[in-house]
Amino acid sequence: MILVPVAATGEDYVTVAVASNFAATARDIAARFAEQSDYDIRITAASTGKLYAQIVNGAPFDVLLAADAERPQRLERSGAGVPGTRFTYALGALVLWSRQVEDCRAALHGDDGGRIAIANPETAPYGAAAKSFLQRSGLWESLRGRLVVGENIGQTLQFAASGNAELGFIARSQLQAPSLPAASCSWPIPDTMHAPIDQQAILLQRGAASAGAKSFLAFLRGDAGRAIIRRHGYSLPEVKE
């Protein structure tokens, strides 16, 4: 859990479940939001699938910042999310990255290309996007034996950065991590070659009466929040009037 403290007391806090890829960005947004509000922001980061399961089982979150649109839509349909509060806050991008391989694309096709780190496609939207790319490229079946599966996109980056995997499908936003080693290759996966990574937010029923939760979501989709999101390497959806 990441706690962004301010001078608030009592129950003046907002609990936000955040997809792993967006954790660093959420910390920056929460810190900026805290500067102008009376609320603590308490962040829990994990894969979107894991957070969804926790919410369904009663985890006390006010807001979900997912890495896909599917889980927020499910929560809205089931009544666990507040109808009409769901929106796309960021557009993710996928990158094939390595600190050991000189040609990332060629390594996918070679027999000696080494292990490939991928987030769990069942629970992590970036993993689902990577699987989608490999399937559309006709490589999924031939490469399954080389895959090293991370619980989330953060662990996937750790596998690739540590050398435990020669290649890794990571989020473009992770390229800005201060501790990231120098890359030997980094190939942006064309967004036409995988399922879209529409990262959606939704107000959960626990936060339905929370002025702080509503204010945080408004900040997220406002000019200051969007500027932080763009600075962290995400694209932004068009603002609907």
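The numbers here are math on the coordinates, done by the rules we state, and not lab data. These numbers come from a predicted model, not from an experiment. Cβ atoms come from the backbone with ideal geometry, glycine included; neighbour counts cover every protein chain shown.
Electrostatic tally near residue 200: other residues with Cβ closer than 10 Å to its Cβ, Lys and Arg +1, Asp and Glu -1, net -2. Of 16, 101, 56, which is the most mobile in a GNM of the chain whose springs link Cα atoms less than 10 angstrom apart? Comparing 16, 101, 56 in the GNM, the peak value goes to 56.
Please state the charge dipole magnitude for region 94-193, taken about the Cα centre, from unit charges on C-beta atoms (+1 on K and R, -1 on D and E), reported in debye and rounded to the nearest 20. Walk me through the numbers before you get to the answer.
Working: 8 positive and 9 negative charges, 27 e Å.
Here region 94-193 has a charge dipole of around 140 debye.
Per-residue packing, averaged as other Cβ atoms within 10 Å, sorts the ranges 34-47, 160-173 into the order 160-173, 34-47, beginning with the highest.
I want the local charge near residue 156. Using Cβ-Cβ distances under 15 Å, sum +1 for each Lys or Arg and -1 for each Asp or Glu among the other residues. Could the numbers behind the result be given before it?
Numbers: positive: 50, 99, 115, 131, 146, 172; negative: 122, 151, 166.
Taking every Cβ under 15 Å from that of residue 156, the sum is +3.
Take the convex hull of the alpha carbons in the chain; its mean projected area over all directions comes to 13.1 nm². Taking a virtual spin label 7 Å from the Cα of residue 54 along the C-beta vector, which residues in region 155-186 bring their backbone nitrogen under 18 Å of it? Flagged as within label range: 155-156.
Using the per-residue mean of other Cβ atoms lying within 10 Å as a proxy for protection, in what order, highest first, do the peptides 126-135, 222-231, 205-214 fall?
Order by mean packing, descending: 126-135, 205-214, 222-231.
Here the calculated FRET efficiency for residue 31 and residue 140, from their Cβ-Cβ distance with R0 = 30 Å, stands at 0.15, rounded to the nearest 0.05.
Rounded to the nearest 20 debye, the dipole magnitude of the chain is 180 debye, with +1 charges on Lys and Arg beta carbons, -1 on Asp and Glu beta carbons, and the Cα centre as origin. Remark: region 116-206 is approximated by an ellipsoid whose semi-axes, taken from the C-alpha gyration tensor as √(5λ), come to 21, 18, 13 Å, largest first. How high is the relative contact order of region 140-187? Use alpha-carbon pairs under 8 Å, at least six apart in sequence, and give a whole percent. Worked out over region 140-187, it gives 25 percent. Rounded to the nearest 0.05, what FRET efficiency is calculated for residue 236 and residue 211 with R0 set to 41 Å and r the Cβ-Cβ distance? Calculated value: 0.95.
Close amide H partners of residue 90, meaning residues 5 or more places away or on another chain with modelled amide H under 5 Å apart, are 199.
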